[in-house]
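The values are calculated or read from the model by the stated rules, or taken from the named source; none is laboratory data. Quantities reported herein were computed from a predicted structural model and do not represent experimental measurements. No Cβ is skipped: glycine too gets one built from the backbone with ideal geometry, and neighbour counts run over all protein chains shown.
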Amino acid sequence: MTDDAHPASRGVGVVVVAAGSGSRLGAEVPKAFVPLAGRALLQWAVEPVRHLEGLASLVLAVPPGYEDPGHPAWQGGWLPASAVLVAGGAERTASVAAGLAALDAACDVVLVHDAARCLTPVAVFERVVAAVRAGADGVVPGVAVVDTVKTVDSHGFVTGTPDRASLRAVQTPQGFRRAVLDAAHASGLAATDDAALVERAGHRVLVVEGDALAFKVTTADDLARAEGLVADGLVAVPHTGRS
Ligand code: C5P
């Protein structure tokens, strides 16, 4: 049966994975709850999703314990009322799987987004959805690589120098036809991104233009860079309550 025969099953589901510890950031709270200009990274990450056309379901995979809506981390009223909270897993892949399991049935397109890419513009989300709607099984935003990249063996010796023109650094949100992503996760394999699982299952994944603002906050330097972008007015500040 086609989606066209079941218009009710057309909708975009978004899983935001936010269950990482953020140990490389050295903060006392899990990374997604570290403040950026007074608001949790997760609040910044969710902001563009609120503006996404066709949004049918939003699931946040959070550190165990934070799935309780009464947890103090949710004070401030910024959490969208329709958002579903689930406990994430020990690895990113497990957090995505937990999120997928909680998505509403009325979604034929799924986006998976890292909370750590908290300043990703809504235009990136829209490009990814449009490319899945246009027929791709999987879509990732990517940017050209400026460094020359080497592959190395276990001793650190260079084994190759891929042509830089053929390399892309990929970001999130990554988008998929829902059935494709569900099947890829059913394999039980782990990967650092969802596209890798879909590629391994034999599907073609398209790269669309990413955005420099979709960088991942991993270290204190990344957080300082994000603070600078906010201070310079280069990103829209969420209008909802402060966390
Ligand atoms: O660890 P890494 O930088 O790859 O994390 C990317 C994203 O995956 C982050 O937003 C992090 O919160 C999330 N994550 C998760 N569950 C884990 C590990 C990471 O949701 N167990």
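Take the conditions under 21 Å from the mean Cα position of the chain (by Cα), at pLDDT below 95, within 16 Å of the ligand (Cβ to nearest atom) and assigned to a loop (DSSP other than H, G, I, E, B) and apply them to Ala236. Does it pass?
Judged against the criteria, Ala236 is not a match.
Residue by residue through region 106-136, note down the ones that are over 26 Å from Leu223 (Cβ atoms) and among the hydrophobic types (A, V, I, L, M, F, W, C).
Hits for region 106-136 are Ala106, Cys107, Val109, Val110, Val129, Ala130, Ala131, Val132, Ala134, Ala136.
Look through region 55-70, keep the residues that are away from the ligand (no atom under 14 Å from the Cβ) and at pLDDT 95 or above, and return whichever of them is farthest from Ala130 (Cα to Cα).
Result: Asp68.
Name, by its number, the condition in (1) out of contact with any strand residue (DSSP E or B) (no Cβ under 7 Å at 6 or more places or on another chain); (2) away from the ligand (no atom under 11 Å from the Cβ); (3) modelled with pLDDT of 95 or more; (4) not basic (Lys, Arg) that does not hold for Thr93.
The number of the failed condition is (2).
Under 6 Å by Cβ, and 6 or more places apart or on different chains, what pairs join a residue from region 218-235 that is within 15 Å of Ser23 (Cβ to Cβ) with one that is charged (D, E, K, R) and within 14 Å of the ligand (Cβ to nearest atom)?
Thr218/Arg24; Thr219/Arg24
Just wondering, is there one or more residues in region 39-47 that are surrounded by fewer than 20 Cβ atoms within 10 Å (Cβ to Cβ) and away from the ligand (no atom under 11 Å from the Cβ)?
No: region 39-47 contains no residue that is surrounded by fewer than 20 Cβ atoms within 10 Å (Cβ to Cβ) and away from the ligand (no atom under 11 Å from the Cβ).
What about Ala19, is it within 27 Å of Glu126 (Cβ to Cβ), assigned to a loop (DSSP other than H, G, I, E, B), out of contact with any Lys or Arg (no Cβ under 6 Å at 6 or more places or on another chain) and near the ligand (Cβ under 10 Å from one of its atoms)?
For Ala19, the condition - within 27 Å of Glu126 (Cβ to Cβ), assigned to a loop (DSSP other than H, G, I, E, B), out of contact with any Lys or Arg (no Cβ under 6 Å at 6 or more places or on another chain) and near the ligand (Cβ under 10 Å from one of its atoms) - is met.
Report yes if Cys107 is assigned to a loop (DSSP other than H, G, I, E, B), over 21 Å from Ala191 (Cβ atoms), modelled with pLDDT of 95 or more and within 12 Å of the ligand (Cβ to nearest atom), otherwise no.
Numbers: assigned to a loop (DSSP other than H, G, I, E, B): yes; over 21 Å from Ala191 (Cβ atoms): yes; modelled with pLDDT of 95 or more: yes; within 12 Å of the ligand (Cβ to nearest atom): no.
Spelling it out, it is not the case that Cys107 is assigned to a loop (DSSP other than H, G, I, E, B), over 21 Å from Ala191 (Cβ atoms), modelled with pLDDT of 95 or more and within 12 Å of the ligand (Cβ to nearest atom).
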